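Enquirer: Sharing a structure below in structure tokens format, with a few things to ask.
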Amino acid sequence: MDTSDDEATAAAAETKKKTPKAAAAKGKATGKGKAAAGPKASAKESSLLKQKSPAEFFAENKNIAGFDNPGKSLYTTLRELVENALDSAESISELPDIEITIEEITRTKYNTMIGLVERQRVDEALYDDFESEKDREKRLAKEARFQEIQAKNAALGKKVKEAPSVRGKGRGEAVLFKVTCKDNGRGMPHDDIPNMLGRVLSGTKYGLRQTRGKFGLGAKMALIWSKMSTGLPIEIKSSMKGQNYTSFCRLDIDIHKNIPHVHLHEKRENKTNWHGAEIEVIIEGNWTTHRSKILHYMRQMAVITPYAQFLFKFLSDAADKNLTIKFARRTDVMPPVPLQTKHHPSAVDLLLIKGLVAETTKQNLLQFLQHEFVNISKSHAERLIGEMGPDFSPKMTVKSLTSQQLVRIHQLFRQAKFDDPSGNCLSPAGEYNLRLGIIKELHPDMVATHASSPQVFEGHPFIVEAGISIGGKDVKQGINIFRFANRIPLLFEQGADVITRTATKRMVWSSYKINQHQDKIGVFVSIVSTKIPFKGTGKEYIGDDITEISSAVKSALKQCCLQLKSKIVKKLQARERQDRKRNLNRYIPDVARAIMETLVEIADQSPPKRPRYDKEDEELLEKVNSQEVTEMTFRDCLTQHVEQVDYEMALDYAMQSGVSEEPREAIYLNSLEGSYKFVDLQSPVFVFRFVP
């Protein structure tokens, strides 16, 4: 019995072993094996649960962080490094001194870096830039025809076009750049450097405050792009104030695990007592297509931060491509450091309330409402708790709140009335800095600035600062828009931005004596807030669907236009006076000649029986007869009279406007050396510093 059972079991096992093979053989014979197994295999694979790290997600969706293509990636890398450098210096109230270098890396130099030996081409037809003899003949014939047409156009005086550049069908050879950014900021703690730069979504800027950052990616995304395009690690040098050593770290990132991979991390001697950070990264980029964007970014950054000094360099083996631009500091007045604030009750959602409950150190509900939110006093909190219902009490433990009770709190926050949050936590550039930046970089004929009072949208405070300039260097005719959000320039996706639409569609420029087509108009608008309502994945423009922001932008621009209108009207009046003076001087010779001829004719007449003239007139006629008074005498008198009238009118204009129209030269006073106690008295157009 046992033996037969064992044999049956063995037979069954043997049958199971043979069944898959037999099925496979049968399927192979009939040609249906793969078709039958395919759907089952794919269904099994699709049912597997997969998980991606944050670094892997951003590597696959790099366009979200502004790394759409090599050119945009070069621009975004520079932008992230510069803004981190500014934040670092401003956090310790140090006047920023930032050096940016973009160095072109040739393929030979890159291969040397990674230890790759150069190899000559063997199969030319394999490469994208290969050109057959037939294609070469076609290209040369096309170029000859083009040159012949251009020669004819030149002979006829027509415009001559440049020869079109010949490009390969594919991407072609990658162009690499070494981007270096050095600052004099806070620096980074030695042990924190790997996690600060090698772990995505980790940083020090989280919290409700005005920040330049967008995602908390910063240089981490540049590191990911470096790993994707070159495979090279990033190098960091850093030292904090008072440290006698400099931290040096070479690292890259494990994209799948979202952890730093440290190659070298050591301390080196700090002989110069330098403090700050220097980051060096090698990436694929395109300087040709994004050169203008990068230079515009640096220029606009110099406008909004005139207290910073930037030294920008582009280095290449071709000497004619090398570039060095210094954006000098023009003031030492810095905006205050943005303060972290608490959430406004009307701006929180259910998930945020749950998070605050989990993280709070307060014991009861009354303390929680008072200390975790703005604009809720003790009496207001008691009224809110009373409105929540009998299940709530001021002394109840916060951690004991149920999901239903949290929903009740959220609903009440959405319906109750609260005071608007103040703008004390915001740090705008300031009218003085904005005006100085515009004058420093554009040298306009006229400029006006205005800063709005703090306003609110969806429970978040915001401030709009605006400036409008007329004339200036490197400014095109028409409206030139310069947009800033939390004191950073926005250069892309301008058409849908609230600032662009307000300036081009909602402003009636002619009513302010401004010609929007012929005048060189610079429109500068800076918006600062604890939450900038960006649209799109790239976060490069502010939507036009928030009434509070669009109204504040229009109001600020109108205030600037009113200031400019008074200046333009006075300037037009001054021009009219000049024209009137010119016209009067033009007629002086004819008027003097006519007066002289009339007087000579009267003097030559026989004396009347009855006197017809006063004694003064008789004396004048005698002087005319004796040629003591001539035509030149009248010319001089009329010229003096015109000059006197013009002087009186110009003096009256200067008294009304409070400015002198004499030629002026910009004068910049250097700050006092050493440490002094001082008091700043700020005005929209100047800062008076009193040093006792």
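The values are calculated or read from the model by the stated rules, or taken from the named source; none is laboratory data. All values derive from a computational prediction rather than experimental measurement. Every residue, glycine as well, gets a Cβ built from its backbone with ideal geometry; the counts of neighbours run over all protein chains shown. What goes into the accessible areas is simple: the full protein's heavy atoms, side chains included, and nothing from ligands, DNA or RNA. Shrake-Rupley method; radii C 1.70, N 1.55, O 1.52, S 1.80 Å.
Enquirer: Calculate I(q)/I(0) for the stretch 288-351 by the Debye formula, one identical point scatterer on each C-alpha and no solvent, and give its log10 at q = 0.13, 0.28 Å⁻¹ to two decimals.
Expert: Reported log10 I(q)/I(0), two decimals: -0.60, -1.22.
Enquirer: Another question, if that's okay. To one decimal place, what Kirkwood hydrodynamic radius in Å is obtained for the stretch 482-527 from all pairs of distinct Cα atoms?
Expert: Details: mean 1/r = 0.0860 Å⁻¹.
Answer for the stretch 482-527: a Kirkwood hydrodynamic radius of 11.6 Å.
Enquirer: Cα-based Rg of the stretch 326-474 per 2.2 N^0.38 Å, rounded to two decimals?
Expert: 1.50
Enquirer: For the cross-link pairs LYS72/LYS342; LYS505/LYS531; LYS476/LYS571; LYS52/LYS354, which exceed 24 Å when the distance is taken from alpha carbon to alpha carbon?
Expert: Long pairs (Cα-Cα over 24 Å): LYS72/LYS342; LYS505/LYS531; LYS52/LYS354.
Enquirer: Then there's this: Let's test this: bin the Cα-Cα distances of the stretch 305-384 at 5 Å from zero up to the farthest pair and state each bin's percent.
Expert: So the P(r) values, bin by bin, are 3, 11, 14, 13, 7, 5, 5, 7, 9, 8, 7, 5, 3, 2, 0.
Enquirer: Quick check on the stretch 246-320: what are the equivalent-ellipsoid semi-axes from the Cα gyration tensor, as sqrt(5λ), descending, whole Å? Show your work: numbers first, answer last.
Expert: Values: eigenvalues 168, 89, 45 Å².
Its equivalent ellipsoid spans semi-axes of 29, 21, 15 Å.
Enquirer: Please work out the C-alpha center-to-center distance from the stretch 500-577 to the stretch 88-125 and express it in whole Å.
Expert: Taking the Cα centre of the stretch 88-125 as reference, the centre of the stretch 500-577 is 41 Å away.
Enquirer: Run the Debye formula on the Cα coordinates of the stretch 345-415, all scatterers equal and no solvent, and tell me log10 I(q)/I(0) at q = 0.23, 0.25 1/Å.
Expert: -1.08, -1.35
Enquirer: Let me ask you something else. Principal axis extents for the stretch 425-481, Cα atoms only, whole Å, descending order, please.
Expert: 40, 22, 14
Enquirer: Report the Stokes-Einstein translational diffusion coefficient (µm² s⁻¹, integer) for the stretch 515-612, Rh taken as the Kirkwood radius over Cα pairs, at 25 °C with viscosity 0.890 mPa s.
Expert: Translational D for this selection: 120 µm²/s.
Enquirer: In the stretch 180-325, carbon and sulfur make up what percent of the accessible area (probe 1.4 Å)? Each step should come with its number before you reach the end.
Expert: Numbers: 3050 of 6300 Å².
Ligands and nucleic acids excluded, carbon and sulfur give 48 percent.
Enquirer: Specify which residue in the list VAL464, LEU434, PRO444 is farthest towards the positive end of the charge dipole of the stretch 433-563, using unit charges on the beta carbon of Lys, Arg (+1) and Asp, Glu (-1), about the Cα centre.
Expert: So the residue furthest toward the plus end is PRO444.
Enquirer: Another question, if that's okay. Order of 520-531, 116-127, 314-325 by packing, highest average Cβ count within 10 Å first?
Expert: So the peptides 520-531, 116-127, 314-325, ranked by packing, come out 520-531, 314-325, 116-127.
Enquirer: Can you give the log10 of the normalised intensity I(q)/I(0) at q = 0.11, 0.13 Å⁻¹, computed with Debye over equal Cα scatterers of the stretch 385-539?
Expert: -0.59, -0.72
Enquirer: How high is the relative contact order of the stretch 345-415, given as a whole-number percent (alpha carbon pairs under 8 Å, six or more residues apart)?
Expert: Computed value for the stretch 345-415: 42 percent relative contact order.
Enquirer: How high is the FRET efficiency from HIS371 to GLN516, r the C-beta distance, R0 45 Å, rounded to 0.05?
Expert: Efficiency, rounded to the nearest 0.05: 0.30.
Enquirer: Right, another one. Run the numbers for ASP123 and GLU60: contour at 0.36 nm per residue of separation, minus the present Cα-Cα distance, in nm.
Expert: Taking ASP123 through GLU60 to full extension adds about 19.3 nm, to one decimal.
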